[in-house]
1. May I ask which of LYS140/LYS216; LYS124/LYS164; LYS77/LYS124; LYS77/LYS114 have a Cα-Cα span longer than 28 Å here?
2. If amide H atoms are built 1.01 Å from N in the plane of the peptide, which residues on other chains or at least 5 residues away come under 5 Å of the amide H of LEU86?
Amino acid sequence: MIKYFFVLFIFIPLASIAQIKPVTKPSQGKADSQSPVVGDTTGINSPQFLDSDSGSVGIGTTTPSPNAVLDIKGTNKGLLLPRIGLINTTLPGPLQSHEAGIILYNQNTINDLKPGFYGNDGVKWKRLAEQSATIFFNVKDFGAKGDNITNDATSIQKAIDSAKSVGGGIVFFPAGNYLIDTTLYIRNSLGIYLMGVGSFGGSTIKYTKTNGDFIKIQGSLTTIVLAN
């Protein structure tokens, strides 16, 4: 019986062989500048470094803080968090479920949401207060007079609502007598501060009607502090 043996030859261009390089992983305790990290297409400017003693990961540094899980350092770049369109503060979507500790940037202006940074407490989304000059709301900037003549109810309510819209703030009453003839409402607002000037001859709110409440606080998440 005659047996036939076939030998299959595979030809690979030498140029292709030259391009094949072994894949290496960064060793613990050393920065590997040839191993690209997430977000860095060059793999050179921001090496990933794992401190084998503390378990801390560093990007852009070979000495990550032992108190941080991830330590990022840079001189001309920032950290870009996920930009997502939320639906409202009570629904997790487009995430699958609420997860306490998640922070993201919401892009939608819908329902009770507007663009800005939000954090999740495990039950709902909460807008992170903007730490800027807008956190201080002077009622006179909203039209209040404090002259003991003008009805300032509408202007004061606008200042309160503006503080609520950014997640809280200081509603400030410069010295004066502020007359109101309607109830002021603080609804579902975390961290609203009403602040006046002095304790005598300073800031006074006068309710001009004989019956009714001059201010009502509504909502389980409402926190209000009266200070002078």
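Every number in this text was worked out from the coordinates using simple rules, so none of it is lab data. Remember, predicted model here, so these are calculated numbers, not experimental data.
1. On the way: LYS140/LYS216 21 Å; LYS124/LYS164 17 Å; LYS77/LYS124 31 Å; LYS77/LYS114 26 Å.
Where the Cα-Cα span goes over 28 Å, the pairs concerned are LYS77/LYS124.
2. Under 5 Å from the amide H of LEU86 lie the amide H atoms of GLN107, ASN108, each far enough along the sequence or on another chain.
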